[in-house]
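Some notes on the structure that comes next.
The values are calculated or read from the model by the stated rules, or taken from the named source; none is laboratory data. The model shown is predicted, which means the values in this text are computed figures rather than measured ones. Glycine also receives a Cβ, built like all others from the backbone with ideal geometry; neighbour counts cover every protein chain displayed. SASA here: full protein model, heavy atoms, side chains in, ligands and nucleic acids out. Shrake-Rupley method; radii C 1.70, N 1.55, O 1.52, S 1.80 Å.
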Amino acid sequence: MPTRKLIIDGKEVEAEDSITLLQACEQAGAEIPRFCYHERLSVAGNCRMCLVEWVGAPKPQASCALQVKDIFPNKDGTPAKINTHSAYAQKAREGVMEFLLINHPLDCPICDQGGECDLQDQALYYGRANFHRFNENKRAVEDKYMGPLIKTIMTRCIQCTRCVRFATEVAGVPDLGGTGRGEDLEIMTYLDKAFDSELSGNAVDLCPVGALTHKPWAFIYRPWELRKTPSIDVHDAQGCNIRVDSRSGQVLRILPRINEAVNEEWISDKSRYACDGLRSQRLDRPYIRKEGKLVPASWGEAFEAVAAHIRNTRPERMAAIVGDLAAAEEIKALKDLMRSLGVANLECRQDGAKAGGGPRQSYLFNTTIAGVEFADALLLIGCNPRWEAPVLNARIHKTWLNSAIRIANVGVPYNLTYPVEQLGGSASVLRGIADGSHEFARTLRDAKRPMLILGPGALARTDGAAIINLAARIASDTGMIGPAGSPAEGGWNGFNVLHTAASRVAALDLGFVPGEGGRDMAAILDGTSSGEIDFVWLLGADEFDLNRLGNAFVVYQGTHGDAGAHHADVILPGAAYTEQDGIYVNFEGRPQFAERAIFPPGQAKEGWAILRAFSDVIGQRLPYDNRVELRRGLFADAPHLANQNASPQSAGADPAVWSNIGVAGEIDERAPLASPISDFYLTNPIARASETMAECSKVYVTGALKIAAE
């Protein structure tokens, strides 16, 4: 990479030609103020706050819009001199700040951005104190409607255009733009419609002045009042890194944490705003069904009711199902308990997905999330990544924006924020790609790093195993399985399974699947419907047809009064993901550790602790008394789970492995490959308990509320 020498604040440095002068100054240890510049967005250069002195230049230079390669040496050949804190640069910034504050309202005491406002901070350090030259009336701008999540106070706007660039370049939804010129310039959505993106809350994070704030959290907190806890999001399987902010035992907001390999610094609106669902419809005490009604009970009474039924039931007539939000610790405890009772009917794939049972790479997103940026051809099979993993969809959009990747889809077409070639809705197209007769097979073979993504619309079908087998053949025959190692090191594995359940990969790693002679999800439901299975333990499992449980005795261990609780005979109240330490493994196979932010409500307990206490009652004591001992057993079962934040690397091509993934068989060519998610905002008990998500569903999905001026 070509470099150039500069003298920045008296220190000689060597900077890459391709970076901006602002980045070079920061690498040299200087602090450069900015409002419009953001490292993940294109350069706008319209706030001018980053002015620096280039000695010899006729005027101050906007360091964000100037690349190092544009800075030529002095006439005598010596490196150019850049001063970032000289009196000349300071005066230029003071002038810029004076202009920015001309029309800005004095809203700091009531502004939700107060304490986290870039303008507030930089006015203190770079503004003029007790001095102004503007006596005319301030400009006032009408507030704009941007949907149920974003509150606007547009008089505060300084037209940095961060939100506009984010909408177009990251979210891929060009709903925001500017209208008018000069003093009349205003940022707004076209036709006064809602900002229709699953990532819209990130625009508020980017706003440096409080023109955009979080509508659901308006006037509820000040940032310095909040206790901040690092955690992991469970609303999808990507494992986005989040920060849980709480006060007085309540979660008040959730913000993203930076993890370049997983979510960069973005999270979905569901991850961010569904936190009010943690307080609603909570199960805070045990219940037992008596005479058709659920009545409160003590823990001892609830345990004894469950134990009495287990003692009278043969193991082959019992089953356990893990839901989508469970942590690895409680999955491990439930598996150990069921195995001690001789139960083989274990299932973690409540949607009926056929992934799992083979080598680990057969059910992982092997390319890795960051590795998507290296791909040059992509085949989507039965998935809608915009709803199933919005942050992953943004990464695909980023790849499309910065490269010549060709993307095709087999399945129902969706608006994915980037151009997609529609190859057909039926799985029959895959046969043509697998045998090489389809035109897109040539594209995959010619690509240097091709990849495919198998979504739940392909996995959760009766012929899902056959589709997986076809996809594995395509991956093997078109060169998707390349050298071992990570994509950054030249390794490649383009076979990817996109899960939507945060618990799925950990459960598969721990073997929470049917044992010898055990039933899978479909067979369990057939057994409960026919009366062959009398007892079912649901670990937060709500996302299947619970009417098929028939007359089976149902134990529901979970957090909310959702579908599972309504069908339960005994309810054991558990802790949500913000209320317990837990390990979650994302669809890459990356273990991540979440920390407890608050305590569970009422008598609710941590999931693994409930199971450990019950094991004493049933006479099958689990061999751990605390989390340290439990994790020791967890790591013994699956050693890779101890490698926090480490994603598995490609194992390389092995024809013997890839020919045995899935099961060759007939494919239903009439049924379209459609994503099972019909409403992005209401996919789990926490989201369904959220008033904010209910309003989003009405605005963006069902259309029950107005989304545009009519």
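Surface calculation, 1.4 Å probe, protein heavy atoms: ARG473 sits at approximately 100 Å² accessible.
Each principal axis of the range 162-210 carries a Cα extent, and these read 31, 24, 17 Å when sorted largest first. Counting Cα-Cα pairs of the range 220-284 in 10 Å increments starting at 0 gives whole-percent bin shares of 21, 51, 25, 3.
Counting only protein heavy atoms and a 1.4 Å probe, the chain has 40 square angstrom of accessible area per residue. Counting 0.36 nm for each residue step from SER678 to VAL412 and taking away their Cα separation leaves a gain of 94.5 nm. Note on GLU98 and ASP581: their simple-model spin labels are 5.6 nm apart, each label 7 Å out from Cα toward Cβ. The mean of 1/r over all pairs of different alpha-carbon atoms in the chain, once inverted, gives a Kirkwood hydrodynamic radius of 27.7 Å. Taking label points 7 Å from Cα along the Cα-to-Cβ direction, ALA404 and ASP545 give a separation of 4.9 nm. Taking the square roots of 5 times each eigenvalue of the Cα gyration tensor of the range 537-630, largest first, gives ellipsoid semi-axes of 23, 18, 14 Å.
Taking only the C-alpha atoms, wrap a convex hull around the range 1-116 and report its volume per residue in Å³ as a whole number.
Working: hull volume 14.4 nm³, N = 116.
Cα-based convex hull of the range 1-116, divided per residue, equals 124 Å³.
The alpha carbon gyration tensor of the range 479-619 gives principal lengths a ≥ b ≥ c with a/c of 1.5 or higher and a/b no greater than b/c, which makes the shape oblate. Computed over every Cα-Cα pair of the range 137-277 and binned at 5 Å starting from 0, the pair-distance distribution P(r) comes out as 2, 10, 18, 22, 19, 14, 9, 4, 2, 0, 0 percent.
In sequence order, the range 244-253 has phi-based couplings of 9, 9, 10, 8, 6, x, 10, 7, 9, 7 Hz under the Karplus curve 6.51 cos²θ - 1.76 cosθ + 1.60, θ = phi - 60°, and Gly or Pro positions carry x. Once the Cβ-Cβ distance of ARG445 and GLU136 is raised to the sixth power relative to R0 = 60 Å, the FRET efficiency obtained is 0.35.
The packing ranking, built from the mean of other Cβ atoms within 10 Å per residue, places the peptides 312-318, 332-338, 501-507 in the order 501-507, 332-338, 312-318, highest first. Expressed to the nearest 5 percent, the antiparallel share of DSSP beta bridges inside the chain is 55 percent.
Note the full-extension length gain between GLU629 and GLU12 as 0.36 nm times their separation in residues minus their Cα-Cα distance, in nm to one decimal.
On the way: separation 617, 0.36 × 617 = 222.12 nm, distance 5.42 nm.
Between GLU629 and GLU12, full extension yields 216.7 nm more.
Rounded to whole numbers, the Karplus 3J(HN,Hα) couplings from phi for the range 270-280 are 5, 4, 7, 9, 7, 5, 5, x, 6, 9, 9 Hz, using 6.51 cos²θ - 1.76 cosθ + 1.60 with θ = phi - 60°, and x at Gly and Pro. In terms of its C-alpha gyration tensor, the range 244-377 comes out oblate, because a/c is 1.5 or above while a/b does not outweigh b/c.
Which value, in Å³ per residue, describes the convex hull spanned by the Cα atoms of the range 421-472? Show your work: numbers first, answer last.
Working: hull volume 4.4 nm³, N = 52.
Value for the range 421-472: 84 Å³ per residue.
The 1.4 Å probe gives accessible areas that order ARG386, ARG285, largest first, as ARG285, ARG386.
Here the accessible area of the chain is 50 percent carbon and sulfur, with a 1.4 angstrom probe and all protein chains present. Only lysine pairs 8 or more places apart, or on different chains, with alpha-carbon atoms under 29 angstrom apart are counted in the range 172-290, and they number 5. In terms of overall dimensions, the range 186-237 has a Cα radius of gyration and Dmax of 14.2, 40 angstrom.
Helical content alone sets the calculated 222 nm signal of the chain at -7000 deg cm²/dmol, taking -39,500 (n - 2.57) per DSSP H segment of four or more residues and averaging over every residue.
Here the calculated FRET efficiency for ASN660 and SER86, from their Cβ-Cβ distance with R0 = 60 Å, stands at 0.30, rounded to the nearest 0.05.
The heavy atoms of SER678 offer some 90 square angstrom of accessible surface to a 1.4 angstrom probe.
In the assembled protein chains, ASP526 presents an accessible area of approximately 80 Å² (probe radius 1.4 Å). The label-point distance for SER42 and ASP184, in a model that sets each label 7 Å from Cα toward Cβ, rounds to 2.6 nm. Assuming charge only on the beta carbon of Lys and Arg (+1) and of Asp and Glu (-1), the dipole of the range 1-119 about its Cα centre is about 500 debye to the nearest 20. Which percent of Cα-Cα pairs in the range 114-174 sits in each 5 Å bin, short to long? For the range 114-174, the pair-distance distribution reads 4, 12, 13, 23, 22, 12, 8, 5, 1.
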